[in-house]
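First up is the structure itself, then whatever we jot down about it.
FYI, it's all coordinate maths here, none of it is from the lab. As the structure is a computational prediction, the values presented were derived from the model and not from experiment. Cβ placement follows ideal geometry from the backbone for every residue including glycine, while neighbour counts extend to all protein chains displayed.
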Amino acid sequence: MDVIRAATTAEQAGAYYVRIQAMAVKHHISLYQEFDEHDTPGTKYIVITDGVLPVATCRLYPLDATSVMLGRVVVLPEYRHQGLGSRVIRAAEDWAQELGYRRAVLESRENKVGFYRKLGYVPDPSQVIHGETFTCIHMEKPLTGGQND
């Protein structure tokens with residue numbers, strides 16, 4: 001498996017492909033719901049490929065000078081339970097730290113909170129997000145080793 005920091009249109013298309021296949025198709029989410037104002041040419045994406053095809057992705061964008069939002073974490077169904085979800089998150093955290101961010105934030109679907117807890121994220125049950133498709137819980141994790149440390 002190769003971990004890519006998407007820098008080209010083709011690599012970004014890989015992130016979009018995974019999201020369409022695993023989320024839009026599976027959960028009947030419209031493209032307008034899946035792709036929002038945070039999907040821009042400047043948005044950063046991690047893409048994991050099986051050597052040829054994209055199989056997992058994570059999107060990251062700044063919230064402020066020290067905080068980064070991780071989201072749209074997706075692994076194709078046939079590649080789940082192989083540690084790729086953890087791997088894509090770690091790759092996004094590493095990149096965020098290199099960019100100087102000190103805190104990672106995400107909005108976890110309710111049924112995925114345990115997964116993110118294992119990766120060091122702390123839920124804030126007072127911050128529940130009732131979206132169009134899922135109910136999510138705000139979670140945060142301090143990042144260490146960033147340029148601003």
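The HN-Hα couplings worked out from phi for the range 75-92 by the Karplus form 6.51 cos²θ - 1.76 cosθ + 1.60 (θ = phi - 60°) are 10, 4, x, 6, 10, 6, 6, 10, x, 6, x, 4, 5, 5, 5, 4, 5, 5 Hz, whole numbers, x standing for Gly and Pro.
Directionally averaged projected area (the range 71-149, Cα convex hull): 5.7 nm².
With contributions of -39500 (n - 2.57) from each DSSP H run of at least four residues, the per-residue ellipticity at 222 nm computed over the chain stands at -7000 deg cm²/dmol. Taking 0.36 nm per residue of separation and subtracting the current Cα-Cα distance, fully stretching the chain between Thr49 and Leu31 would add 4.2 nm.
The GluC sites (Glu not before Pro) of the range 98-149 that meet both conditions, a loop assignment by DSSP and at most 11 other Cβ atoms within 10 Å of the site Cβ, are Glu132.
Here the calculated FRET efficiency for Glu132 and Asp64, from their Cβ-Cβ distance with R0 = 35 Å, stands at 0.90, rounded to the nearest 0.05.
The calculated pair-distance distribution of the range 43-97 uses every alpha carbon pair, bins of 10 angstrom beginning at 0, and gives 26, 52, 19, 4 percent. What is the list of residues in the range 2-46 whose amide nitrogen lies under 14 Å from a point 7 angstrom out from the Cα of Leu119, following Cα to Cβ? Only 45-46 fall inside the zone, counting backbone N under 14 Å. Treating each Cα of the chain as one equal point scatterer and applying the Debye formula with no solvent, the log10 of I(q)/I(0) at q = 0.09, 0.12, 0.13, 0.16 Å⁻¹ comes out as -0.25, -0.46, -0.55, -0.86.
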